[in-house]
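Report on the following structure.
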Amino acid sequence: MYQLPSSYAPGDLVSTSTAALNSGYSVRSIITADLRAMAMAARDAGRPIQVVSAYRSYTQQAATFDYWVSIGGYQHALLTSARAGHSEHQLGTTLDFTSLGGAAPWTYSDWASTPAGGWMAANAWRHGFVMTYPRGETATACYSYEPWHYRYVGKPTAAAVHDSGMNLREAIWAAHGP
Ligand SMILES: [Zn+2]
């Protein structure tokens, strides 16, 4: 029901380098203005960020999920990686970040407790991005805590989610029903 068709791919993908970030990843062009503003604000605050994942195709997501199954088994993979067709990364509006020059964010005990991760947790919403899977909300967000995973929803929605105190999934359901 919420599955994207395997053929779905955004038609306006551009490099993350167009948003003053490292290259090698793609996002939809509609998010680059706000993404660039966020990247520059983080840098100006002395908390620079870099991209470690952005758009992933259905095929790439299938390979990612299979990788996590091979590491921890199917049930664990369901908590930490979306099945193909269910990933926000296939939308082209979702990114994983780490600190500039830092290790992969999932190797920190809690990336949100680092300077860059903490800045993102406090400020990303001002630029239209929300942390989809906040801490301690596995039951309602349906995934493990991922302090590096941000989805662009636009400034008005991000502000509404921030003010509501709900996670994105709860806020969407509250607004539109499950
Ligand atoms: Zn992610």
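Structural remarks
- Cα gyration tensor shape of the chain, rounded if a/c is under 1.5, else prolate or oblate by comparing a/b with b/c: rounded
- The stretch 1-58 - charge dipole about Cα centre, Lys and Arg +1 at Cβ, Asp and Glu -1, debye rounded to 20: 100 debye
- Using Cβ point charges alone (K and R +1, D and E -1), the dipole size of the chain about the Cα centre works out to roughly 200 debye.
- Only the Cβ atoms of Lys and Arg (+1) and of Asp and Glu (-1) were treated as charged; on that basis the dipole of the stretch 73-178 about its Cα centre amounts to roughly 140 debye.
- Relative contact order [Cα under 8 Å, 6+ residues apart], the chain, whole percent: 18 percent
- Relative contact order (percent, whole number), the stretch 76-134, Cα cutoff 8 Å, 6+ residue spacing: 16 percent
- Largest GNM mean-square fluctuation across Ile49, Ile71, Ile31, computed for the chain with C-alpha springs under 10 Å, falls on Ile71.
- Ellipticity estimate at 222 nm from DSSP helix runs (n ≥ 4, -39,500 (n - 2.57)) divided over the chain, nearest 500: -11000 deg cm²/dmol
- Of Gly85, Phe65, Ile30, farthest towards positive along the dipole that unit charges on Lys, Arg, Asp, Glu beta carbons give the chain: Ile30
Every read-out reported here was derived from the displayed coordinates using simple, explicitly stated rules and does not represent laboratory data. Remember, it's a predicted structure, so these values are computed and weren't measured experimentally. Every residue, glycine among them, receives a Cβ derived from its backbone with ideal geometry; neighbour counts consider all protein chains shown.
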